[in-house]
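Below is one structure, written out as structure tokens; comments come after it.
The values are calculated or read from the model by the stated rules, or taken from the named source; none is laboratory data. This structure is a prediction, so every number in the text was calculated from the model and none was measured. Here Cβ is always computed from backbone atoms with ideal geometry, including for glycine, and neighbour counts include all displayed protein chains.
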Amino acid sequence: MGLISDVLAFLFGGSRNALRETAEIFRENAENGAERGLVLRQQAMVQFGDEFKALHKGAFDRVMDGLNRLPRPAMALGTLGLFVAAMVDPVWFAARMQGIALVPEPLWWLLGVIVSFYFGARHQAKVQDLQREITATMSRTPQVVENLQTLKALRSDVVGVADPGTNAVLAEKAGHPDANPALEDWRRKRVA
């Protein structure tokens, strides 16, 4: 009994734990690792908080911060608005795009430079490609208007528009629904 207690005291005795210390050489102590991670996260949050503290910002600084946040959402919402306008009133949209087609090329270059400077990594080739695409889209406008007129002529809200008329075969088919084996089976089981 004394030998076992001496071995256990050697391994686990005193204020040391030789087995734990040996294991920590190969594997991190989870509790100590969690404490270090907590301290690291707390320090990072304090640093982030310090960066966003309002250090006596004046009205001008707040206004400029607000203005700096406007262009991206304004451009995104404006683009979505153009898509909606193109679907709601294609002729109105086409008239506006004709006006854009008349903008001189140097002004497109200037707009491209401004947008490139503001957003970064934008190239003038993209602006020129956009102008070509707008021109190609504008050339399709008459066809779109014609298609809309054709679709409007096909639409009818008048009662009896689906009347088969004098076609006897079609009238016969309309009076007798198609066979539905699943429905017939369900009806038989319901009656039984």
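Quick notes on this structure:
- First in segment 67-92 and in the same structural domain as VAL144 (by TED's automatic domain parsing), second anywhere and assigned to a helix (DSSP H, G or I) and surrounded by 11 or more Cβ atoms within 10 Å (Cβ to Cβ), Cβ under 6 Å, 6 or more apart: ALA85/PHE93; ALA86/PHE93; PRO90/VAL144
- Pairs, first in a loop (DSSP other than H, G, I, E, B) and charged (D, E, K, R) in segment 118-139, second at pLDDT below 80 and surrounded by 12 or more Cβ atoms within 10 Å (Cβ to Cβ), C-beta under 7 Å, six or more apart: ARG122/VAL115; ARG122/SER116
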